[in-house]
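Heads up, the thing below is written out as structure tokens.
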Amino acid sequence: MASSAADAIERIVAGNRVYAQKTTEQDPNAFADLSKGQWPEILWIGCADSRVPETTICNCKPGDIFVHRNIANCVHAHDNNTAAVVQYAVGALGVKKVIVCGHTRCGGAQHSLNDHDLGETLNTWLHPMRELRRKHKAELDNLPDDDARAVRIAELNVIQSLDVLKQHPAVTKAINDRGLTLHGMIFDITNGQLRLLEESGGRRANVGLWSPS
Amino acid sequence: MAGQDPKEVRKYLQQSHDRIFENNRKWAKEHVEKNPEFFNELSAGQEPDYLWIGCSDSRIPAEAITGLGPGEMFIHRNIANLVCNTDLNVMSVVNYAVRHLKVKHIIVCGHYGCGGVKAAISPKDMGLLNPWLRNIRDVYRLHETELDAIKDEEKRYDRLVELNVVEQCRNIIKTAAVQQSYKKNEFPIVHGWVFGFKDGLLKDLEIGFEDMLKGIQKIYDLSTE
Ligand SMILES: [Zn+2]
Ligand SMILES: [Zn+2]
């Protein structure tokens, strides 16, 4: 155990050295530029799942995306943690877009298909998602299998999270003052592709992702 | 953007829309070309060795700076990488990572030049951010003598970034999930690191996990189920 544990850490320390070296080789001023500050255009609220690394899957660079990741990309109304992230990103940094991104094969969504005991902490965190299941029971029952049901719960959860976000004072103000836009997406782990949720804007019209309404 | 022709704005926004999706398609295609089974393997499930608790700052994408690929690191990022014991959000992440995914390492990673830490030591009402940033002011109070003795403002602020990371490591070690898992399995091990923009390197604060755990359990012993 001891030796393999040390190897796991050595591996990412070495990975970090390669990253630093490559970055400097490509652009000798890269770190000097990064240390001046950050001006991200996007706030990403995504799942903690290791298979959905936002900057990697969007082929973006350090500095592009401000990030909050939690279990099943939930935005709950009384959560100080997410509220602080949103306040800082939208209010202080002035990001132009907020993305809430769910994904297929999400453990949080799968665990929301039933009420199995996950311990008090996780039961409480997932409660709103499990409520979504109860609320949309008829629709979910009609789907062919649990994979499809978990995807639909993930979608419903993204839409609900966007609704909660719209009530955040910094978001409300930024939408009115400077046209901040909110977008719901699903990352499909089975093919690596991002999909825009068209109903996340509150209407089913086929709106482009960044088109100001 | 203010004062621009709405058509121009629309065009500009449309371009950044296309960019993200184009980038994503390109990324997916490259992976399939290299390994046709890549996404099938990814779909089978995740078994990450690491949990990373880092700052939301856009300049520190955890996977990129450690050279890890999709599936290898479970991630929580918030303002100034805090672990507060009453925060259901971070506690759910720790619980899931330790009890369900059985991660071997937990890394708390702060960074020099952290805007969250800077905001927390500004004598200013930050509204909604107050309750969150209060935790950093508390870290300052715990180390007031040491920090006040540092005359150079930049250095004092760098030191607060480090002390904040150490304090958050303590907060993780105080959880029942970590103590019980470590007693049973001898993992996870908690590490405190700081990322520096000057050279892009990670600095290990060498918190000494085992001794820290022992010290903490004198008062916060939750290892017995
Ligand atoms: Zn997930
Ligand atoms: Zn920071």
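Do we find that A:H168 is at pLDDT 95 or above, assigned by TED's automatic domain parsing to the domain that holds A:R51 and under 30 Å from B:G127 (Cβ atoms) in this structure? Outline the logic, then answer.
Details: at pLDDT 95 or above: yes; assigned by TED's automatic domain parsing to the domain that holds A:R51: yes; under 30 Å from B:G127 (Cβ atoms): yes.
For A:H168, the condition - at pLDDT 95 or above, assigned by TED's automatic domain parsing to the domain that holds A:R51 and under 30 Å from B:G127 (Cβ atoms) - is met.
If only one of B:V108, B:V83, B:V117, B:V94 is more than 8 Å from chain A (Cβ to nearest Cβ) and part of a loop (DSSP other than H, G, I, E, B), which one is it? Before the answer, list the steps.
Numbers: B:V108 fails: part of a loop (DSSP other than H, G, I, E, B); B:V117 fails: part of a loop (DSSP other than H, G, I, E, B); B:V94 fails: part of a loop (DSSP other than H, G, I, E, B).
That would be B:V83, the only listed residue that is more than 8 Å from chain A (Cβ to nearest Cβ) and part of a loop (DSSP other than H, G, I, E, B).
Identify the single condition in (1) in a helix (DSSP H, G or I); (2) in contact (Cβ under 8 Å) with a residue 60 or more places away in the chain that B:M212 does not satisfy, given that it satisfies every other one.
(2)
Residue check, A:L162 against (1) under 16 Å from A:H103 (Cβ atoms); (2) away from chain B (no Cβ under 14 Å); (3) within 16 Å of ligand 1 (Cβ to nearest atom), all met but one. Which one?
Of (1) under 16 Å from A:H103 (Cβ atoms); (2) away from chain B (no Cβ under 14 Å); (3) within 16 Å of ligand 1 (Cβ to nearest atom), only one is false for A:L162: (3).
Output the residue which, of all residues in region A:145-175 that are small (G, A, S) and without any contact (Cβ under 8 Å) to a residue 60 or more places away in the chain, is surrounded by the most Cβ atoms within 10 Å (Cβ to Cβ). Show your work before the answer.
The first filter runs over region A:145-175 and keeps only residues small (G, A, S), leaving A:148, A:150, A:154, A:161, A:170, A:174.
Filter once more, keeping what is without any contact (Cβ under 8 Å) to a residue 60 or more places away in the chain: A:148, A:150.
Values: A:A148: 13, A:A150: 25.
Filtering first and then ranking leaves A:A150.
Just to verify a result, which residue in region A:56-110, among those that are surrounded by 24 or more Cβ atoms within 10 Å (Cβ to Cβ) and at positive phi, is nearest to ligand 2 (Cβ to nearest atom)?
A:N73
Which one is farthest from the other protein chains (Cβ to nearest Cβ), of the residues in region A:176-197 that are under 23 Å from B:F38 (Cβ atoms) and touching a residue at least 24 places away in the same chain (Cβ under 8 Å)?
Only one residue tops the list, namely A:I186.
Determine if region A:54-69 includes at least one residue that is modelled with pLDDT of 95 or more, more than 7 Å from chain B (Cβ to nearest Cβ) and either in contact with a Ser or Thr (Cβ under 9 Å, 6 or more places away or on another chain) or more than 16 Å from ligand 1 (Cβ to nearest atom) (or both).
No - not one qualifying residue is present in region A:54-69.
For B:G127, work out the one condition from (1) surrounded by 13 or more Cβ atoms within 10 Å (Cβ to Cβ); (2) within 11 Å of another protein chain (Cβ to nearest Cβ); (3) at pLDDT below 95 it doesn't fulfil.
(1)
The values are calculated or read from the model by the stated rules, or taken from the named source; none is laboratory data. As the structure is a prediction and not an experimental result, all values here were calculated from the model. Using ideal geometry, Cβ is built from the backbone for each residue, glycine included, and neighbour counts are taken over all protein chains shown.
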